[in-house]
1. If amide hydrogens are placed 1.01 Å from N in the peptide plane, which non-local residues have theirs closer than 5 Å to the one on residue B:78?
2. For chain A, with a Gaussian network of springs between Cα atoms less than 10 Å apart, report the residue from A:121, A:100, A:200 with the top mean-square fluctuation.
3. Taking each label point as 7 Å beyond Cα in the direction of the beta carbon, state the distances from residue A:121 to the same residue in the other copies, shortest first, in nm.
4. Note down the relative contact order for the stretch B:99-139 as a percent, whole number, built from C-alpha pairs under 8 angstrom at least six residues apart.
5. Please list, in chain and number order, the residues 5+ apart from residue A:54 or on another chain whose amide H is under 5 Å from its amide H, with Hs placed from the backbone.
6. If one computes the Cα centroid of the stretch B:85-107 and of the stretch A:119-173, what distance in Å separates the two points?
7. Which of these, B:277, B:132, B:115, has the largest mean-square fluctuation under a Gaussian network model of chain B (Cα springs below 10 Å)?
8. On average, how many beta carbons from a partner chain sit within 10 Å of the beta carbon of a residue in A:174-180?
There are 2 protein chains.
Amino acid sequence: MADFKVTPWKVEGKIDYQVLEKQFGIKELDGELLKRLEKLAGGAPHWFLRRKIVFAHRELPWLLDEYEKGNRFYLYTGLAPSGPMHLGHLLPFMFTQWLQEKFDVEVLIQIPDEEKYWARQNLGMKLEEYHELAKEAALNIAAVGFNPKKTRIFLDTDYAKTLYKQAVKVAGHITYSTIKDAFGVGNDTNIGWIFYTSMQAVPAFLKSVEEGHNVPCLIPLGVDQDVHFRVARDVIGKLGYYKPAIMHNMFLPSLMGEAKMSASEKLNAIYLNDTPEAVVKKVNKALTGQQDTAELQKKLGGNPDKCMVCQYYKFLFEPDDRKLEKIFDAERKGTILAGEHKADLAKRINGFLEIHKKRVEELRKGKIDQFIAHD
Amino acid sequence: MADFKVTPWKVEGKIDYQVLEKQFGIKELDGELLKRLEKLAGGAPHWFLRRKIVFAHRELPWLLDEYEKGNRFYLYTGLAPSGPMHLGHLLPFMFTQWLQEKFDVEVLIQIPDEEKYWARQNLGMKLEEYHELAKEAALNIAAVGFNPKKTRIFLDTDYAKTLYKQAVKVAGHITYSTIKDAFGVGNDTNIGWIFYTSMQAVPAFLKSVEEGHNVPCLIPLGVDQDVHFRVARDVIGKLGYYKPAIMHNMFLPSLMGEAKMSASEKLNAIYLNDTPEAVVKKVNKALTGQQDTAELQKKLGGNPDKCMVCQYYKFLFEPDDRKLEKIFDAERKGTILAGEHKADLAKRINGFLEIHKKRVEELRKGKIDQFIAHD
């Protein structure tokens with residue numbers, strides 16, 4: 001048994017992504033496939049790909065075959081908010097936005113306001129609160145830079161006529177025991193959470209329904225969401241639609257080194273609406289894995305893989321591979337100390353958030369309407 | 001154990017309605033309550049009440065208390081089609097229409113096109129087929145004579161935005177084990193059927209959501225549907241709304257004497273679209289319980305309780321109690337033989353269906369739109 005756990009409702013322990021590939025039956029994104037993707041995208045691959053942050057896939061070769069035959073795909077991703085969004089939430093959206101730009105394709109973004117209402121009843125929040133969080137999430141997601149002409153963002157309860165009609169068919173093909181095995185539900189689970197995956201499946205074939213013929217779908221997602229599509233891919237096939245291809249990203253670790261930032265553990269995550277002062281404070285507390293004293297650090301050096309500051313550069317704040325290598329090298333050699341290191345990262349994060357917040361407020365003034373779909 | 005079974009998916013055996021009252025925890029509609037209802041309705045009670053076809057209730061006294069305080073109630077009923085409608089389906093609608101007329105109140109009518117898709121997977125029908133059956137059902141229900149200004153008929157998949165948002169809350173309050181106990185579902189049950197009761201619960205408090213304050217709701221239904229509200233009433237209370245009151249009707253027996261006409265057993269039911277010839281044929285085969293020969297029948301007489309022809313007069317085709325008593329009496333005394341008896345009933349049924357079909361075709365030309373609500 002592996003000593004970590006990755007499910008849509010909890011990520012625990014130090015994740016061995018290679019073990020995960022085997023557990024989930026997903027494939028590594030290897031060199032040849034990356035080159036093929038790079039060629040079709042017409043440019044250097046995103047640093048998520050170069051650094052194996054997007055590390056695995058299902059049936060990407062099939063999707064690229066279709067693309068080469070002239071069958072354009074569309075992208076589908078989403079987020080179920082249970083609190084304000086943090087940096088870790090942005091990964092699949094940044095990657096999806098990059099794919100949209102490179103392939104000039106349509107994006108469907110589902111924001112299920114009901115999912116966490118069902119899945120996290122222990123939080124005791126009302127559906128209306130999740131709905132408000134979902135509206136904030138829509139702003140923060142659109143701010144990533146999606147093309148408003150080719151992006152459709154929808155909240156489940158506002159788009160339920162479109163979604164439910166299709167979810168009915170999905171649900172008819174999934175038994176309780178499948179859900180029990182896949183999601184670990186039981187007698188005490190509410191029937192909403194048992195039903196929910198039917199709703200998440202719909203956007204993976206919705207374009208095929210709308211177009212009246214099969215349209216390939218690619219789903220970039222955090223690897224914890226894979227289970228939904230392990231269940232849904234079979235059903236979608238039975239309904240006569242193409243099974244979606246998937247690309248999986250790793251989680252941005254928390255500043256304290258936990259496997260995944262959590263929206264419900266306030267201290268370890270950088271929220272998209274954090275003040276500059278809060279960011280500085282949080283980054284200052286980050287785990288760096290450096291030696292106990294500056295003297296020792298200069299002498300022995302550190303380990304960038306265990307230094308969360310280095311990891312944040314790698315995941316989000318240093319797109320240039322050569323510059324990243326310099327940062328890692330300095331960490332290894334002990335030529336940079338925690339203090340300057342953290343000050344620089346905090347500055348970059350705050351620079352990023354400043355732009356992000358401005359975009360959010362611009363969208364809030366009305367531009368968001370270009371993105372939102374509702375019945 | 002009783003030797004009959006009444007569930008939303010199957011009705012078997014000879015039903016003892018008194019035992020059922022105890023099993024379900026529902027109350028008999030007794031003399032005092034009937035008189036009170038009669039007084040408030042401002043006229044003689046419907047023959048369904050006089051003949052105990054509508055035989056039981058939940059919290060009707062509370063509903064009438066509210067009414068007397070000036071809190072108008074609304075009515076909610078529905079039908080999940082799995083085939084064309086038959087005479088037995090009309091009972092709750094005829095009674096609801098009578099209540100609407102007497103109390104001048106609003107009616108919500110739910111036609112869940114997804115329910116039987118989930119609950120009757122053995123029939124192998126597509127969701128689109130159920131949707132078409134649901135549209136036909138809407139016509140046949142409106143034809144019962146509802147007030148178009150005060151009646152809202154909706155198909156679930158066309159009204160899912162309105163329904164799903166509320167069903168999410170209901171589902172969050174129902175565990176799998178509750179559904180397992182109430183509906184007998186198990187590992188092989190599809191997750192749609194497990195979820196479904198959440199959708200059926202919604203119209204029982206929808207007016208309260210819309211009005212922003214609690215509005216009493218009365219649900220006339222076939223007693224097999226009671227289980228949905230045994231589950232839902234608790235949840236609706238937890239959500240802060242009034243628990244609905246309920247009035248239960250017995251089933252119209254099949255012409256062959258089975259406890260309930262079944263839409264899936266073609267021979268025993270009179271369909272609303274049957275030809276006059278088909279009606280004559282079916283009525284001729286009806287179980288009368290008469291003696292083996294005309295001689296014996298004249299000598300010994302028959303039993304109107306076991307004569308389906310008599311029962312059809314009682315349920316639907318002889319509203320006048322004195323005339324009904326004459327028919328029953330003739331049956332007991334053997335002064336009427338099966339042949340004339342059946343010929344007369346067939347004539348009445350065909351007279352009824354002729355008018356009904358005309359109304360359906362009138363509605364089909366466009367008037368139905370006055371009734372249909374969709375998102």
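No value in this document is a laboratory result; all are computed from the given coordinates. Just so it is clear, the structure is predicted and the values come from calculations on it, not from any experiment. Because the Cβ atoms are built from the backbone with ideal geometry, glycine has one as well, and the counts that use them run over all protein chains shown.
1. HN-HN under 5 Å from residue B:78: B:110.
2. Taking springs between Cα atoms under 10 Å, the residue moving most is A:121.
3. 2.4
4. Relative CO of the stretch B:99-139 lands at 37 percent.
5. Answer set, sorted by chain and number: A:49, A:250.
6. Result: 38 Å between the Cα centres.
7. Fluctuation is largest for B:277.
8. Average per residue, whole number: 6.
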